[in-house]
């Protein structure tokens, strides 16, 4: 029977994490062998022999020795720290051109929403070779989005957005786990990530039932909830216009500023008087309890769509080349 | 066993060699206990600071619904009780048994005044629907949640403080009974000493609760 | 003093009889035995949960118990083992028994508080037992909000109250140790003449006193939230569930050091005694205990790397986690160096000490993996973490506890344990332990999440290996239970100092008299001066 | 530890000072000091704490150990708050929600 030792490498992070892992294994094996063999060798060599009942002479510690065996491990540890931190920072910064997907977790399922409007449960279809950015939140308790083959994991916390990203490098089917204990069927909160070739992904996108893109659904909600009565595109309403707000820096009452990211827009919908825009009254009612997390995501996506996109970076060619290498 | 040393003072426990060692150990023990109390309240202070930083305006608004004059008066009451307590300890140090008893009684009475005022304040909050729970309502805040957080912390922290006051009153009762029985003298007054430490500590906690809940950013209203 | 003690001589065990003489005792040695009985009970309760968990995981389907039951099993395994076994284990039994003797005192500074703290543990344990019998609790030992406050349908309140009460037991034990070590040392017993066991317990006591109250208040907030729904950790009301994690781990990370520091103290005594040599770098080993206690408080955020904690905080906590590894490394190197030019004998306690060094080395080194941000993202909340902390807590703390129990068994009971059986069980525990937990490192890196009742079939082989190891381990743990009980009555009599060790506890009778010493000792030399053990003590064993 | 017995006058002076500080801090609360509102209120609280600890609790006569222990405890509280704020205060620096 074959016992697996290492998981598949299916994202750009996977080889990076594995290389660091091998470095740590090398250091650990070295020190484990060092300690084990030292204990073994010394214990045999200096075993108490019958007849010899004397008290061995004390060996006094030299400061130098103590310093040496503190500093060398510290140096090795600092390599681990720096290396690990470098990977972590890259994992924390999704690239601008990443494909955005929204995740709503609840006991005990994953709901995933694509920009183009596709909704999935416990399955995620993504194209190979493109950076994928997940914006996630939970409807109830803390969950954690974990794909071992990608070496990424991020807690999904109720009441806020969390972000993770990865670039799949290999087509195939990979485990999706919930890694933060979330109640009775925690171990059933699993699914599959399907990494498709760009062509298959296009096919998948065009198939299935469509109910409009996320932004279109958000626009409908925006009108249904009467947001559009106050937030007018030409800034003539009682509330600030939302055109080009996303990504900008907003000046607030009290002199502070806030960066208008997804979390800010979410907060403005659910806790409107937390950050009031400078020059406006806190008139807006809260929508907490009236909208689901999925509704909020659609509204956020609509607000995002009101900001003109920077010219596309045309990543397709490069990524394709990378993908075909695998 | 050094029985001769123990024969000298009936209050000396067997594990100690001298009365001074015993007193030192008891006092140190009380201080170490106070360390745990600091960390205990510290966890709540941390929660308070985190939420105050997250919702400064709502906390200022909620804060101004507390009656600052009552709060200040109650602070004064507690400071007076600390004063009588320290006079009691001084009386014990000098072996003045009557002064000790009187000061303990005064300390207790002031403690009860504090608790009475606190109960009155809580009752007011209850009538105003400021007690966290299903019936909570804080007029003037669109965000009921963070406003409720303020009052959750207010009740949790002042409640635990009041619980410590009640325990303090229990300690005072015990000290009073023993002092009337004449157990304490200039030579042996460690229980009075460490009871006093506890009482002053509870006072210090209130010294911080008062500005945190009643004063800071009150003017923002 | 030099002849084996006749059984009739008065000692702490036979100076009075009857249940009352035990339940109302103020003697630290008897209280230590009360603790020993209590934590042994909890160890077997927790062990029973562990057994069921391992049996369930033999197959990838959930066929033995339901998910609901499985969640309760691992939760109650964790709570029982951590709060009711490991945290009181070495300090409250061996520490309680030995610290007054080691520093040359008649008792702890506050004997009544010592007894009270045992009762608190019992009361807390009864709360927890009640919760278990009534239906259990399913939040995980970590009580993460908002699951524990809002969503769990189990006995959260009773369990949390039990832990709260047991926490005060731990605080009072720590308080007692701090005051005792400061104020009760015998004449001549300076700080740097203290046995390293005492240093380790001093550092432990500092953590208990500074950390435990924060857990207590956190549990109170959880209780308030659950009872009245006041919003402290509820995101729907503006609360912050990650703040709970900060408060919880501010205690619960240092709590790991409450478990491992006393174990390190035990190992220092064992290595020195069975090498007949002073611990190499005494000052560094003593200082590293304090350093671990201090730095141990600064690293709690490494449990929160993927929790939406800020990246920058993660950076700070990762760095400090590496810093805390250094004092542990210093200890391991110094223990190993102590063997150099020693006169080493291989009694059971020494075998446990060797086992400890090996397992603690592996546990410590894998700690470097999880302290690394890049790797922790992958392995946190997987079996890698489970294996890592079991190597520290079971491979470290329990190995040392068993080693220490064997070492001081003649002092506690006046009888020697059966050497052959004991050596056999030490070997079985070592093998069984590695068999249980080493496969879990591989499982974890493969991506097997922890707390999974049902798991993908490709992980089964490693789970079966782990369960096989666990059955060996169980045998290893049951054996000492049997032969130690047997030896209490039938073991060969031990003299006051069967190992020719140096500590003051060996300078009094076995078992010791009520107040430890017929005459309080005066200390004139350091802790590990073997040239002063002049009298030829004949060990009957 | 030698017994220090302070005079009633010393205690009375401290007591009066504490009451005066209470009045001051209450009155200052009505003045708009901007961000210094917090600073002033907490500074006065710390002063009051020090007076109670040093005089009423006799910390100034206590041994070095006790003084060190209390200073250490306050430091520890500071560490708990500071390290928690290393997270809370830097959330959002990255510009990526949840990082």
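Just a few scattered comments:
- Here residue C:457 fulfils each of the conditions (1) modelled with pLDDT of 95 or more; (2) within 14 Å of chain A (Cβ to nearest Cβ); (3) within 26 Å of residue C:66 (Cα to Cα); (4) out of contact with any strand residue (DSSP E or B) (no Cβ under 8 Å at 6 or more places or on another chain) apart from (1).
- Among the conditions (1) within 14 Å of residue D:91 (Cβ to Cβ); (2) in contact (Cβ under 8 Å) with a residue 24 or more places away in the chain; (3) within 12 Å of chain A (Cβ to nearest Cβ), residue C:301 misses just one, which is (3).
- Residue that is nearest to residue B:200 (Cα to Cα), among those in the stretch D:14-37 that are facing another protein chain (nearest Cβ under 7 Å) and touching a residue at least 12 places away in the same chain (Cβ under 8 Å): D:18
- Residues located in the stretch C:211-253, provided they are under 15 Å from residue C:152 (Cβ atoms) and either without any contact (Cβ under 8 Å) to a residue 40 or more places away in the chain or within 13 Å of chain A (Cβ to nearest Cβ) (or both): C:233, C:234, C:241, C:244
- Set side by side, the residues A:24, A:65, A:76, A:20 differ, and just one is in contact (Cβ under 8 Å) with a residue 40 or more places away in the chain, more than 30 Å from residue A:178 (Cβ to Cβ) and either in contact with a strand residue (DSSP E or B) (Cβ under 8 Å, 6 or more places away or on another chain) or within 9 Å of chain C (Cβ to nearest Cβ) (or both), which is A:76.
- Sole exception among (1) within 21 Å of residue C:144 (Cβ to Cβ); (2) in contact with a helix residue (DSSP H, G or I) (Cβ under 6 Å, 6 or more places away or on another chain) for residue C:381, by number: (2)
- Candidate set from the stretch A:278-297 (those that are touching a strand residue (DSSP E or B) at 6+ places or on another chain (Cβ under 6 Å) and surrounded by fewer than 21 Cβ atoms within 10 Å (Cβ to Cβ)); member that is farthest from the other protein chains (Cβ to nearest Cβ): A:294
- Residue selected from the stretch A:147-161 under the condition part of a helix (DSSP H, G or I) and more than 7 Å from chain C (Cβ to nearest Cβ), by the criterion farthest from residue C:374 (Cα to Cα): A:149
- When residues of the stretch D:70-91 are limited to those that are within 7 Å of another protein chain (Cβ to nearest Cβ) and part of a loop (DSSP other than H, G, I, E, B), the one nearest to the chain's Cα centre (by Cα): D:90
- Residues in the stretch A:46-65 that are at pLDDT 80 or above and over 11 Å from residue C:277 (Cα atoms): 7 in all.
- Within the stretch B:139-162, being assigned to a helix (DSSP H, G or I), under 14 Å from residue A:286 (Cα atoms) and either in contact with a strand residue (DSSP E or B) (Cβ under 9 Å, 6 or more places away or on another chain) or more than 10 Å from chain C (Cβ to nearest Cβ) (or both) holds for one residue alone: B:145.
- Condition check for residue A:164 on (1) within 14 Å of chain D (Cβ to nearest Cβ); (2) over 21 Å from residue A:12 (Cα atoms): one failure, at (2).
- Filter result (assigned to a loop (DSSP other than H, G, I, E, B), within 9 Å of chain C (Cβ to nearest Cβ) and touching a residue at least 12 places away in the same chain (Cβ under 8 Å)) within the stretch A:2-17: A:6, A:7
- Condition check for residue C:318: over 30 Å from residue C:476 (Cβ atoms), modelled with pLDDT of 95 or more and in contact with a helix residue (DSSP H, G or I) (Cβ under 6 Å, 6 or more places away or on another chain): yes
- Failed criterion for residue A:184 (all others in (1) facing chain C (nearest Cβ under 7 Å); (2) touching a residue at least 60 places away in the same chain (Cβ under 8 Å); (3) part of a helix (DSSP H, G or I) hold): (3)
- Condition met for residue B:37 (assigned to a helix (DSSP H, G or I), surrounded by fewer than 21 Cβ atoms within 10 Å (Cβ to Cβ), at the interface with another protein chain (Cβ under 10 Å from one of its Cβ atoms) and modelled with pLDDT under 90): no
- Listed conditions (1) without any contact (Cβ under 8 Å) to a residue 24 or more places away in the chain; (2) part of a helix (DSSP H, G or I) are all met by residue C:484, apart from (1).
Okay, residues lined up against (1) on the phi > 0 side of the Ramachandran plot; (2) under 17 Å from the mean Cα position of the chain (by Cα); (3) surrounded by fewer than 23 Cβ atoms within 10 Å (Cβ to Cβ):
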| site | (1), (2), (3) |
| --- | --- |
| C:383 | no, no, no |
| C:398 | no, yes, no |
| C:403 | no, yes, no |
| C:413 | no, no, yes |
| C:417 | no, no, no |
| C:429 | no, yes, no |
| C:445 | no, no, no |
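- Residue C:497 on the phi > 0 side of the Ramachandran plot, surrounded by 18 or more Cβ atoms within 10 Å (Cβ to Cβ) and part of a loop (DSSP other than H, G, I, E, B): no
- Residue match in the stretch B:45-52 (condition: facing another protein chain (nearest Cβ under 10 Å), assigned to a helix (DSSP H, G or I) and surrounded by fewer than 20 Cβ atoms within 10 Å (Cβ to Cβ)): yes
- Selected residue [in contact (Cβ under 8 Å) with a residue 60 or more places away in the chain and surrounded by fewer than 24 Cβ atoms within 10 Å (Cβ to Cβ)] from B:180, B:207: B:180
The values are calculated or read from the model by the stated rules, or taken from the named source; none is laboratory data. Given the structure is predicted, the values throughout are model-derived calculations rather than measurements. Note that we place each Cβ from the backbone using ideal geometry, even for glycine, and neighbour counts take in every protein chain shown.
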